[in-house]
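See structure below.
The values are calculated or read from the model by the stated rules, or taken from the named source; none is laboratory data. A quick note: this is a predicted structure, and the numbers were derived from the prediction, not measured. What goes into the accessible areas is simple: the full protein's heavy atoms, side chains included, and nothing from ligands, DNA or RNA. Shrake-Rupley method; radii C 1.70, N 1.55, O 1.52, S 1.80 Å.
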Amino acid sequence: MLRTTLALALAASLAACATSSPDVISRNDAQRMSSVVDATVLTVRPVVVDGSQSGAGAATGAVLGGIAGSSMGGRRESVAVGVLGAVAGAVAGNAIERASTREESYEILVQLKNGDRRAIVQAKGNESFKPGDAVILVTTGGKVRVSLNPVPAPAGKPAPVQGERS
């Protein structure tokens, strides 16, 4: 029972650590100018971005496993069981961190207006893409995200700005 509770607490704390969702903007990227490029979706395929192993899961698991293990048995046994608990906790914590930070994502192949092609991998967000969709590539601080083009431009004419008269 104690192990299950500790594992669930560890998983919950690690799951909240990071996201790469295109719908979540980093505080550092807020109020920064981004470059925007028009493109067309060629293909979309589901991929999985492997989870991270920062060491936080292993460290947390080792501490929790050590505490849980040291509370078992007599004085001499508690040290040995505590060490074993710490090792087992580190292994479990690492696995939980890796599993909880995996992300279902898309690899989106797009073609720019000049004919160049680009592939972008991004986590699944609120928008879905299909071949032929007009999209924009938004680049901020070296990170690129794909978003549906809010106002597709007619061929040869720039897209009007919303609220602006034609």
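When the test is whether a residue is assigned to a helix (DSSP H, G or I) and modelled with pLDDT under 70, A80 passes it. Scanning segment 110-134 for residues that are open to solvent by 30 Å² or more (accessible area, probe 1.4 Å), in a loop (DSSP other than H, G, I, E, B) and either on the phi > 0 side of the Ramachandran plot or not small (G, A, S) (or both) yields a count of 10. Residues that are modelled with pLDDT of 65 or more, of a type in the set (A, V, I, L, M, F, W, C) and within 17 Å of the chain's Cα centre (by Cα) occur in segment 107-118; there is at least one.
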